[in-house]
Amino acid sequence: MTHTSTNRKLRTALFPGSFNPFTLGHADIVNRGLQLFDRIIIGVGVNRDKAEADVEKIIAPIRHLYAGNDAVEVRPYSCLTVDFATECCAATILRGVRSMKDFEYERDMADINRQLSGIETVILFSRPEYSAVSSSVVRELKSFGRDVTEFLP
Ligand code: ADP
C-alpha cells in the first residue's frame, strides 16, 4: 500500500450540537479534536421550524471564528445526526463530556448511533476550567443583561 498525501483518506469527524451559543468549551473540543482528525465539521442541529435569521445568528459567529481554518467547516442540519454524518463522509462523531450527567447521556447517544449506522463516537473530556461552561448558562446570564464574553471564543 502506498502512503502519499494525495491518496490518503482524510479522517473527518462530525462535531454535532446546538451550539446556541458556541462557547469556549466547544472551541476547546474542536481544537483538541484537530489533533485527532484531519477535518472537523461542526454540525449545527436546527429545528426545521426555526427561522432562517435565527439559524444564521448561531452559525455566523462560528463561521467567522474558523474563517481562516480550512480544516473546519460549519454546516447546519435538521436530519438525524448519523444521516448527516454519512452525508458529510464523517466516519466518526466527536462529542465532549463535562460531568457524569453528560457521560450517561453521551454513552446512550453513542450506543444508539453505533446501532443505527456503525458510526463510532469519540468523546473528549472537558478541561476542568470549562466544565461549568454551558450554552444554557450563557443564555441565562445574557437574558439578565450580564456580560458573557468571558465564556465565548
Ligand atoms: P447538544 O444540544 O447536542 O447537547 P451542545 O451545543 O450543548 O449540544 O453541546 C455539543 C457538545 O459539546 C456536547 O457533546 C456537549 O457535551 C459538549 N460540550 C458542551 N459544553 C462543553 C464544555 N464546556 N466542555 C466540553 N464539552 C462541552
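For the range 28-47, the criterion of being touching a Lys or Arg at 6+ places or on another chain (Cβ under 7 Å) and part of a loop (DSSP other than H, G, I, E, B) is met by at least one residue.
Looking at the range 61-68, is at least one residue of a type in the set (A, V, I, L, M, F, W, C), at pLDDT 95 or above, in contact with a Ser or Thr (Cβ under 7 Å, 6 or more places away or on another chain) and more than 11 Å from the ligand (Cβ to nearest atom)? Break it down into steps so the answer makes sense when it comes.
Going residue by residue through the range 61-68, those that are of a type in the set (A, V, I, L, M, F, W, C) are 62, 65, 67.
Now restrict to residues that are at pLDDT 95 or above: 62, 65, 67.
From the residues that got through so far, the ones that are in contact with a Ser or Thr (Cβ under 7 Å, 6 or more places away or on another chain) too are none.
So far as the range 61-68 goes, no, none of its residues is of a type in the set (A, V, I, L, M, F, W, C), at pLDDT 95 or above, in contact with a Ser or Thr (Cβ under 7 Å, 6 or more places away or on another chain) and more than 11 Å from the ligand (Cβ to nearest atom).
Would you check which residues across the range 139-152 are among the basic types (Lys, Arg) and away from the ligand (no atom under 11 Å from the Cβ) and list them? Reasoning before the result, please.
Quick first cut of the range 139-152, residues among the basic types (Lys, Arg) only: 139, 142, 146.
Passing the criteria: LYS142, ARG146.
With respect to (1) surrounded by 12 or more Cβ atoms within 10 Å (Cβ to Cβ); (2) within 11 Å of the ligand (Cβ to nearest atom); (3) without any contact (Cβ under 8 Å) to a residue 60 or more places away in the chain, the lone exception for SER136 is condition (1). When the residues of the range 95-133 are filtered to those that are more than 10 Å from the ligand (Cβ to nearest atom) and outside any helix (DSSP H, G or I), the one that is surrounded by the most Cβ atoms within 10 Å (Cβ to Cβ) is ILE119.
The values are calculated or read from the model by the stated rules, or taken from the named source; none is laboratory data. Just so it is clear, the structure is predicted and the values come from calculations on it, not from any experiment. A quick note on method: Cβ atoms are made from the backbone with ideal geometry, for glycine too, and the neighbour counts reach across all protein chains shown.
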